[in-house]
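J.: The structure's right below; bear with me while I get my questions together.
The values are calculated or read from the model by the stated rules, or taken from the named source; none is laboratory data. Everything numeric here is computed off the predicted structure, so don't read it as measured data. No Cβ is skipped: glycine too gets one built from the backbone with ideal geometry, and neighbour counts run over all protein chains shown.
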There are 2 protein chains.
Amino acid sequence: MSELHDLTRKLQKQNDSKIVLLVADGLGGLPIERGGRTELETANTPNMDELAKFGTLGLSTPVIPGIAPGSGPGHLGLFGYDPLEYQIGRGVLEALGIDFELGPNDVAIRGNFCTLDGDGNISDRRAGRVASDIASKICKRLDTIEIPGVEVFVRHVKEYRLVIVFRADGLGGHVHDTDPQKTGVPPLAPVGADEASQKTAAICAQFLAQAREILKDDQPANFLTMRGIDKKPHVPTYNEVYGLRAGAIAVYPMYRGLARLVGMDILDAGQTLSDQMARLKAAWDDYDFFFIHFKYTDSTGEDGNFAEKVKRIEELDAAIPRITELNPDVLIVTGDHSTPSKMKSHSWHPVPVLLSAENCRPDRCEAFGEGDCVTGGLGQFPAKYLMGFAMAHAGRLEKFGA
Amino acid sequence: MSELHDLTRKLQKQNDSKIVLLVADGLGGLPIERGGRTELETANTPNMDELAKFGTLGLSTPVIPGIAPGSGPGHLGLFGYDPLEYQIGRGVLEALGIDFELGPNDVAIRGNFCTLDGDGNISDRRAGRVASDIASKICKRLDTIEIPGVEVFVRHVKEYRLVIVFRADGLGGHVHDTDPQKTGVPPLAPVGADEASQKTAAICAQFLAQAREILKDDQPANFLTMRGIDKKPHVPTYNEVYGLRAGAIAVYPMYRGLARLVGMDILDAGQTLSDQMARLKAAWDDYDFFFIHFKYTDSTGEDGNFAEKVKRIEELDAAIPRITELNPDVLIVTGDHSTPSKMKSHSWHPVPVLLSAENCRPDRCEAFGEGDCVTGGLGQFPAKYLMGFAMAHAGRLEKFGA
């Protein structure tokens, strides 16, 4: 168990405070040119700057210095779960990403449709990126596969990607990928690393045999490979570790899935930031903690679109008054990692953090930006400690020791 | 295994990037007078200041706060190996320091010549700091000692200091010192802490009996004590943990030895900084990573010679263009610890770090000095994470998790 959770389990106390964690995905950035400003520093953000003036800034390290995280580890860190302790398999993440509710007996698998040649060798590992409407219909046919003693679920994700879930008692999650990662060779047989996983591997083999028969006349997707075969890790809930009733307001399924993993209630987020703000207001009395996820600071960064990322940050800033008018006791604005437009990818750079609360110790920061955050009062800290700051500023932690 | 290496083993990827780690030994300093500047802040360093302007600064903590490290832990930290996890016995360090290539079956011992009185009690623990030319000849006589089933090596280091190596299968490295740390008493008998080390202790005893006979008529060095009896720890190589072909360019044997310990190739460094720079250029295409060691910032600090340390820093700065003209993707200038001239010793003060790379996030630092480093964008971090920053800025790490 983590140090933080060991302490928050013991020291948590109840009050009427409200905590809002507003995550702008991939918020951190870089200047495009030497001597320039980052996206966040370029954006006109009067509301966040006002919060920064009286709040406390800092920089968080999602995993350890130098490591760029995916969305899974990035969010687990923000939620206070050490991303090195709680590692999530790709199959599980893919299932979370389509709102599939995984149970404790479920093994989740990421499937990739592929094309086999006449000799049974893989000629295309992505089945020519088969169109989603075709692949979706194939998934419905595969969903009819029956294996005695096992519930089988097959769900389409996008193009050649699908999720397969086996639900049965005693299945292990350590089965090697069947994707050989190259063409010109046949798919690998599923192999389990321990006894319980050998049982899973046998089910995989049965499924694949039936799938081969069902798909034999299809083109280009006449078979599939299996990757990231895993069970959902046991993750203690927000209610257990923090004593918080937590609600998640996220438009994209992946982030709803990550919130569900830590035991948050999933609230209807609608489709827009404005919908999310309306939901926040409507649900205000029902929860102690709200996680609000804003995707577009990451997607514009991934696209390498500096100007658009700046605009998205400004859009987010304009929504801040709809949070502050509710008078949250603690409002945190941060990201799960950096996604500099310059790099078009997630990066290792530490993530700007803004914490606004009544008992913030002021630092000398005047605006919310990476340069100010370097000298912020929270310092540079592992993201997994952010929830400690949140709980403390909300007055939800007793003193440790006498 | 360390978190960092656990991750870099999995996430490392290959590209054409070049990383240069320039270590100015004992770089960090202190002002002599209140309100003054440190050696690094006093030195005129236009080249490093230019790098600082567009790079990112920070401060590294070699071990944990408050701990002044020796060269061994200082360098292991910079190389990304937790100095608390990889502890190196003094015998091993002494052997590394004379370029003795230790194998996995070797037990290395630091010997000190001493003077015994007529009763067999130690009257001088350093044999009157016996002259090197005399001690060197004595070592050659001791090198003739033969013990059945064991290869014996005796090498002189300096004055009263020598290295003894026993090479044989199954020798343990846990034997207590025979130096009683005081005079007026006889040397202690060698005692092994476990079965394999009792075997080693028996060999030590045989060696000491023969040495006593050989030296009985010598003065002042008529016997020796044994300290820091240990085997070389198993240290995974740079190639294993980072996927880097690493070359070390160090004038002094101790630093070559430390580089060899982590699997770097030892390149001919010549005798001067200029020789080292020529070697860097000549070897540029053959390695991904270069460790360059500059000793004189430490030795001048140890001498308490502030002005000379400043000059040595300026000498180093003048060599920077010979590195930057090779266009390294990542250039790091730092130290393995601080050696303030004011203290004439290694200290615990955190160590200035300058990292220059294309995707550095700018901070507001304008020059390379301890004062600027406090507000640098890398923050204050354990030295063992420096290689994470190096790998990340070189684009040599995949994303962690999806």
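J.: Could you run through the stretch A:277-295 and say how many residues are in a helix (DSSP H, G or I) and under 16 Å from A:His75 (Cβ atoms)? I'd like the intermediate steps shown before the answer.
T.: Narrowing the stretch A:277-295 to residues in a helix (DSSP H, G or I): A:277-286.
Checking the rest, the ones that are also under 16 Å from A:His75 (Cβ atoms) come to none.
Count: 0.
J.: Is it fair to say A:Pro180 is in contact (Cβ under 8 Å) with a residue 40 or more places away in the chain, crowded, with 21+ Cβ neighbours inside 10 Å and touching a Pro at 6+ places or on another chain (Cβ under 8 Å)?
T.: So A:Pro180 does not fit the description; no.
J.: Can you tell me which residue among B:Pro69, B:Pro73 is buried (at least 19 other Cβ atoms within 10 Å of the Cβ), part of a helix (DSSP H, G or I) and not small (Gly, Ala, Ser)?
T.: Being buried (at least 19 other Cβ atoms within 10 Å of the Cβ), part of a helix (DSSP H, G or I) and not small (Gly, Ala, Ser) holds for just one of B:Pro69, B:Pro73, which is B:Pro73.
J.: Within the stretch B:45-56, identify whether any single residue is away from every other protein chain (no Cβ under 14 Å), touching a Leu at 6+ places or on another chain (Cβ under 7 Å) and aliphatic (A, V, I, L, M), and answer yes or no. Quick ask: steps written out before the conclusion?
T.: Narrowing the stretch B:45-56 to residues away from every other protein chain (no Cβ under 14 Å): B:45-49.
Then drop every residue that is not touching a Leu at 6+ places or on another chain (Cβ under 7 Å), which leaves B:48.
Now restrict to residues that are aliphatic (A, V, I, L, M): B:48.
Scanning the stretch B:45-56 turns up at least one residue that is away from every other protein chain (no Cβ under 14 Å), touching a Leu at 6+ places or on another chain (Cβ under 7 Å) and aliphatic (A, V, I, L, M).
J.: Go through (1) in contact with a Gly (Cβ under 8 Å, 6 or more places away or on another chain); (2) assigned to a helix (DSSP H, G or I); (3) of a type in the set (A, V, I, L, M, F, W, C); (4) within 30 Å of B:Lys309 (Cβ to Cβ) for B:Leu59 and report which single condition fails.
T.: Going through the list (1) in contact with a Gly (Cβ under 8 Å, 6 or more places away or on another chain); (2) assigned to a helix (DSSP H, G or I); (3) of a type in the set (A, V, I, L, M, F, W, C); (4) within 30 Å of B:Lys309 (Cβ to Cβ), B:Leu59 breaks only (2).
J.: While we're looking at this one, here's another question. Collect the residues in the stretch A:138-157 that are surrounded by 13 or more Cβ atoms within 10 Å (Cβ to Cβ) and either touching a Ser or Thr at 6+ places or on another chain (Cβ under 8 Å) or in a helix (DSSP H, G or I) (or both), keeping them in residue-number order.
T.: Those that are surrounded by 13 or more Cβ atoms within 10 Å (Cβ to Cβ) and either touching a Ser or Thr at 6+ places or on another chain (Cβ under 8 Å) or in a helix (DSSP H, G or I) (or both): A:Ile138, A:Cys139, A:Arg141, A:Leu142, A:His156.
J.: Out of B:Ile214, B:Ile249, report the one residue that is surrounded by fewer than 18 Cβ atoms within 10 Å (Cβ to Cβ), at pLDDT 95 or above and of a type in the set (A, V, I, L, M).
T.: Details: B:Ile249 fails: surrounded by fewer than 18 Cβ atoms within 10 Å (Cβ to Cβ).
Just a single option satisfies the conditions, and that option is B:Ile214.
J.: Taking the stretch A:377-402 only, how many residues are of a type outside the set (A, V, I, L, M, F, W, C) and surrounded by 23 or more Cβ atoms within 10 Å (Cβ to Cβ)? Let's see the steps before the verdict.
T.: Residues of the stretch A:377-402 of a type outside the set (A, V, I, L, M, F, W, C): A:377, A:379-380, A:382, A:384-385, A:388, A:393, A:395-396, A:398-399, A:401.
The next check asks that each one be surrounded by 23 or more Cβ atoms within 10 Å (Cβ to Cβ); those that pass are A:384, A:393, A:396.
Counting residues in the stretch A:377-402 that are of a type outside the set (A, V, I, L, M, F, W, C) and surrounded by 23 or more Cβ atoms within 10 Å (Cβ to Cβ) gives 3.
J.: Starting from the stretch A:270-292, keep only residues that are loosely packed, with under 15 Cβ neighbours inside 10 Å, then list their pairs with residues that are part of a helix (DSSP H, G or I) whose Cβ atoms are within a distance under 8 Å, requiring at least 6 positions of separation or different chains.
T.: That search, which allows pairs on different chains as well, returns A:Gly270/A:Gln276; A:Gly270/A:Ala278; A:Gly270/A:Arg279; A:Ser274/A:Ala319; A:Lys281/A:Arg322.
J.: Still on this structure, I have one more. Residue check, B:Val152 against (1) touching a residue at least 24 places away in the same chain (Cβ under 8 Å); (2) not assigned by TED's automatic domain parsing to the domain that holds B:Val175, all met but one. Which one?
T.: Against the list (1) touching a residue at least 24 places away in the same chain (Cβ under 8 Å); (2) not assigned by TED's automatic domain parsing to the domain that holds B:Val175, B:Val152 comes up short only on (2).
J.: Condition test on A:Arg37, is it surrounded by fewer than 22 Cβ atoms within 10 Å (Cβ to Cβ), at the interface with another protein chain (Cβ under 10 Å from one of its Cβ atoms) and at pLDDT 95 or above?
T.: In short, yes.
J.: Among what's in the stretch B:1-18 and is buried (at least 17 other Cβ atoms within 10 Å of the Cβ) and within 12 Å of chain A (Cβ to nearest Cβ), pick the residue that is modelled with the lowest pLDDT. Before you say what the answer is, go through the steps one by one.
T.: Of all residues in the stretch B:1-18, those buried (at least 17 other Cβ atoms within 10 Å of the Cβ) come to B:2, B:4-5, B:7-8, B:11-12, B:17-18.
Now restrict to residues that are within 12 Å of chain A (Cβ to nearest Cβ): B:2, B:4-5, B:7-8, B:11-12.
Details: B:Ser2: 81, B:Leu4: 94, B:His5: 97, B:Leu7: 97, B:Thr8: 97, B:Leu11: 97, B:Gln12: 98.
Applying the filter and picking the extreme gives B:Ser2.
J.: Here's another thing I want to ask about it. Can you name every residue in the stretch B:331-347 that is farther than 21 Å from B:Leu21 by Cα and of a type outside the set (Lys, Arg)? Working first, answer last.
T.: Filtering the stretch B:331-347 down to residues farther than 21 Å from B:Leu21 by Cα leaves B:340-345, B:347.
Hits for the stretch B:331-347 are B:Pro340, B:Ser341, B:Met343, B:Ser345, B:Ser347.
J.: Still on this structure, I have one more. I'd like to verify a number: residues in the stretch A:354-374 that are within 13 Å of another protein chain (Cβ to nearest Cβ), more than 18 Å from A:Val310 (Cβ to Cβ) and touching a strand residue (DSSP E or B) at 6+ places or on another chain (Cβ under 8 Å), how many?
T.: 3
J.: How about the stretch B:76-106: which of its residues are touching an Asp or Glu at 6+ places or on another chain (Cβ under 7 Å), within 21 Å of B:Phe166 (Cα to Cα) and not in a loop (DSSP other than H, G, I, E, B)?
T.: B:Gly91, B:Val92 - these are the residues of the stretch B:76-106 that are touching an Asp or Glu at 6+ places or on another chain (Cβ under 7 Å), within 21 Å of B:Phe166 (Cα to Cα) and not in a loop (DSSP other than H, G, I, E, B).
J.: With the checklist (1) buried (at least 17 other Cβ atoms within 10 Å of the Cβ); (2) farther than 19 Å from B:Lys216 by Cβ in hand, flag the one item B:Glu85 doesn't pass.
T.: (1)
J.: What residue, among those in the stretch A:1-32 that are part of a loop (DSSP other than H, G, I, E, B) and of a type in the set (Lys, Arg), is farthest from A:Pro69 (Cα to Cα)? Before you say what the answer is, go through the steps one by one.
T.: Filtering the stretch A:1-32 down to residues part of a loop (DSSP other than H, G, I, E, B) leaves A:1-2, A:13-18, A:25-26, A:29-32.
If we keep only those that are of a type in the set (Lys, Arg) too, we end up with A:13, A:18.
Details: A:Lys13: 32, A:Lys18: 28 Å.
That would be A:Lys13.
J.: Examine the stretch B:93-104 for a residue that is at pLDDT 95 or above, of a type outside the set (S, T, N, Q) and in contact with a strand residue (DSSP E or B) (Cβ under 8 Å, 6 or more places away or on another chain), and state whether such a residue exists. Can you show your working first?
T.: First, pick out the residues of the stretch B:93-104 that are at pLDDT 95 or above: none.
Within the stretch B:93-104 (the criterion being at pLDDT 95 or above, of a type outside the set (S, T, N, Q) and in contact with a strand residue (DSSP E or B) (Cβ under 8 Å, 6 or more places away or on another chain)), the answer is no, since none of the residues qualifies.
J.: A follow-up question, please. Please give the number of the condition A:Gly72 fails out of (1) assigned by TED's automatic domain parsing to the domain that holds A:Leu378; (2) at pLDDT below 95; (3) in contact with a His (Cβ under 9 Å, 6 or more places away or on another chain).
T.: Looking at each condition in turn, A:Gly72 falls short on (3).
J.: Can I ask one more? Which of the residues belonging to the stretch A:80-118 are in contact (Cβ under 8 Å) with a residue 24 or more places away in the chain and charged (D, E, K, R)?
T.: A:Asp82, A:Glu85, A:Arg90, A:Glu94, A:Asp99, A:Glu101, A:Asp106, A:Arg110
J.: Being within 17 Å of B:Met277 (Cβ to Cβ), hydroxyl-bearing (Ser, Thr, Tyr), touching a residue at least 24 places away in the same chain (Cβ under 8 Å) and surrounded by 23 or more Cβ atoms within 10 Å (Cβ to Cβ): is that true of B:Thr45 here?
T.: So B:Thr45 passes the test.
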